[in-house]
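Visitor: Following this message is one structure expressed as structure tokens.
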Amino acid sequence: MNSYVITILNNERSVQVAKRCIRSAAQHGVEVDFWKATTPNDFPIDKLIDEGVSIAGLHETYSRIANCAAAFHSHYSLWKHCVETKEEVMILEHDAVFVNDIPSEIYFNKCISLGKPSYGKWNTPNTFGINPLTSKRYFPGAHAYIVKPIAAREFIDRAKVMARPTDVFLNVENFPWLQEYWPWPVEAHDSFTTIQNENGCLAKHNYGETYGIEEV
């Protein structure tokens, strides 16, 4: 399995927290490499349209459209990489921090979330280890998950029907086989966002007076 942390390589704060992610992963036996994030300067809307992705669902009240499209394209590019390499991929966002070990062998179905919910209310899974997606009806943040090529292919195909912000896109209505691991071994230690607007930050557990909304 290859593991990548999506990083805005020309943004110092993003690089700093991504390095923290890599260090925390190493402490728990996981080797993580950088993955270049798509940014608004990369014309992500055009890139997605060129891929045949339906972008109407990226227009929503909590995010800046170009930034939301850039984040979705960053994950999309890793789904493509997963399909092309025919290998499982662990996908991490730059503010992810490992707080516990992940079993060396996780016998999940197609895609499993590893991340503790980073915003809003959630439900606690019933059993240790692998559970159906329980905390929310969609991923409780897209900051840490493992995807198999068969799932990545389904994500790509579904995006052509309707893309949405990545975590909401990964929902049990679209993909009823989604799973999550509990206790959550990865948390989002976020102090800034490059995606949401102020309205979209209010439900974040770490949001406060010093929380930054970055222009990238």
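The values are calculated or read from the model by the stated rules, or taken from the named source; none is laboratory data. Just so it is clear, the structure is predicted and the values come from calculations on it, not from any experiment. Neighbour counts run over all protein chains shown; Cβ positions are idealised from the backbone, glycine included.
Visitor: For the subset of segment 113-129 comprising residues that are under 26 Å from Thr7 (Cβ atoms) and outside any loop (DSSP other than H, G, I, E, B), which member is modelled with the highest pLDDT?
Guide: Pass one, segment 113-129, residues under 26 Å from Thr7 (Cβ atoms): 113-120.
Then drop every residue that is not outside any loop (DSSP other than H, G, I, E, B), which leaves 113, 115, 119.
Values: Ser113: 97, Gly115: 94, Tyr119: 74.
Looking at residues that are under 26 Å from Thr7 (Cβ atoms) and outside any loop (DSSP other than H, G, I, E, B), I get Ser113.
Visitor: If you don't mind, there's one more thing I want to ask. Tell me, which residue of segment 68-93 that is of a type in the set (D, E, K, R) and surrounded by fewer than 21 Cβ atoms within 10 Å (Cβ to Cβ) is nearest to Ser54 (Cα to Cα)?
Guide: Lys80
Visitor: OK, next. Select, from Ala163, Ala142, Ala96, Ala151, the only residue that is more than 19 Å from Ile55 (Cβ to Cβ) and in contact with a helix residue (DSSP H, G or I) (Cβ under 6 Å, 6 or more places away or on another chain).
Guide: Ala96
Visitor: I need the helices (runs of 4 or more DSSP H) fully contained in segment 1-104, keeping only those with at least 3 residues that are touching a residue at least 24 places away in the same chain (Cβ under 8 Å) and under 16 Å from Phe155 (Cβ atoms).
Guide: Working: elements: 12-27, 44-50, 65-85.
Those helices (runs of 4 or more DSSP H) span 65-85.
Visitor: Residues that are modelled with pLDDT of 95 or more and farther than 24 Å from Ala66 by Cβ, at least 2 per element: which strands (runs of 3 or more DSSP E) completely within segment 130-216 meet that? Steps first, answer last, please.
Guide: Values: elements: 144-147, 179-182, 186-188.
Counting at least 2 such residues, we get 144-147, 179-182.
Visitor: With buried (at least 20 other Cβ atoms within 10 Å of the Cβ), more than 14 Å from the chain's Cα centre (by Cα) and under 16 Å from Gly115 (Cβ atoms) as the only criterion, which of Val5, Val32 stands out?
Guide: Just a single option satisfies the conditions, and that option is Val32.
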